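Visitor: My structure is below; once you've seen it, I'll send some questions.
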Amino acid sequence: MSRPTIETFPNPEPNRRYVITHVNAEFTSVCPKTGLPDFGTVTVRYVPRQLCIELKSLKYYFLSYRNEGIFYEAVTNRILDDLVAACDPEEMTVTTEWRTRGGIYSTIEARYERADRR
């Protein structure tokens with residue numbers, strides 16, 4: 001499936017180390033086993049290098065999962081991979097927190113750190 005392009009813009013303070021956190025409290029995808037909707041919160045936390053993620057494109061990127069059958073673990077790792085590819089951050093963590101279903105709720109966390117970090 002083709003995803004919307006994740007747009008970026010130049011980091012206004014590339015010489016300063018700081019953290020950006022984006023939270024999408026209305027993320028939806030579909031359980032590939034049951035076909036039922038999954039509802040969750042996606043938190044993206046990153047230290048930018050030269051580029052920052054543009055929010056409108058991020059919103060449309062998240063919306064592209066609305067009808068896709070995908071496991072929690074797969075979507076969390078795919079989001080991390082796609083966002084790292086888009087903005088080449090110093091580090092990034094994507095956390096997904098899924099609403100309770102059948103008395104169980106899940107939290108998945110995937111992390112990235114640049115190999116050549118100083």
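Visitor: For the chain, what is the mean residue ellipticity at 222 nm derived from helices alone (per DSSP H run of n ≥ 4: -39500 (n - 2.57); sum divided by total residues; nearest 500 deg cm²/dmol)?
Guide: -6500 deg cm²/dmol, from helical runs alone.
Visitor: Explain nothing, just the number: relative contact order of segment 2-118, from Cα pairs under 8 Å at least 6 residues apart, as a whole percent.
Guide: With pairs under 8 Å counted, the relative contact order is 28 percent.
Visitor: What residue among 31, 60, 21 has its Cα farthest toward the positive end of the dipole of the chain, where the charges are +1 on Lys, Arg and -1 on Asp, Glu, each on the Cβ?
Guide: Positive-most Cα among the choices belongs to 21.
Visitor: Charges on Cβ only, +1 for Lys and Arg, -1 for Asp and Glu, centred on the Cα centroid of the chain; of 103, 86, 9, which one is farthest towards the dipole's positive end?
Guide: Comparing the listed Cα positions along the dipole, 103 ranks first.
Visitor: For residue 36 and residue 70, calculate 0.36 nm times their separation in residues minus their Cα-Cα distance, and state this gained length in nm to one decimal.
Guide: Length gained between residue 36 and residue 70: 11.1 nm.
Visitor: Work out how much length residue 115 to residue 13 would gain on full extension: take 0.36 nm times their residue separation and subtract the Cα-Cα distance, in nm to one decimal.
Guide: 34.5 nm
Visitor: Two-decimal Rg/Rh of the chain from alpha-carbon positions, Kirkwood Rh?
Guide: That ratio equals 0.99.
Visitor: Identify the residues of segment 65-91 with backbone N under 14 Å of a label point that sits 7 angstrom from the Cα of residue 47 along the Cα-to-Cβ direction, or state none.
Guide: The answer is 89-91.
Throughout, read-outs are computed from the coordinates displayed, never taken from laboratory work. Small disclaimer: the values here were computed from a predicted structure and weren't measured. With ideal geometry, Cβ positions are generated from the backbone for all residues, glycine too; neighbour counts draw on all protein chains shown.
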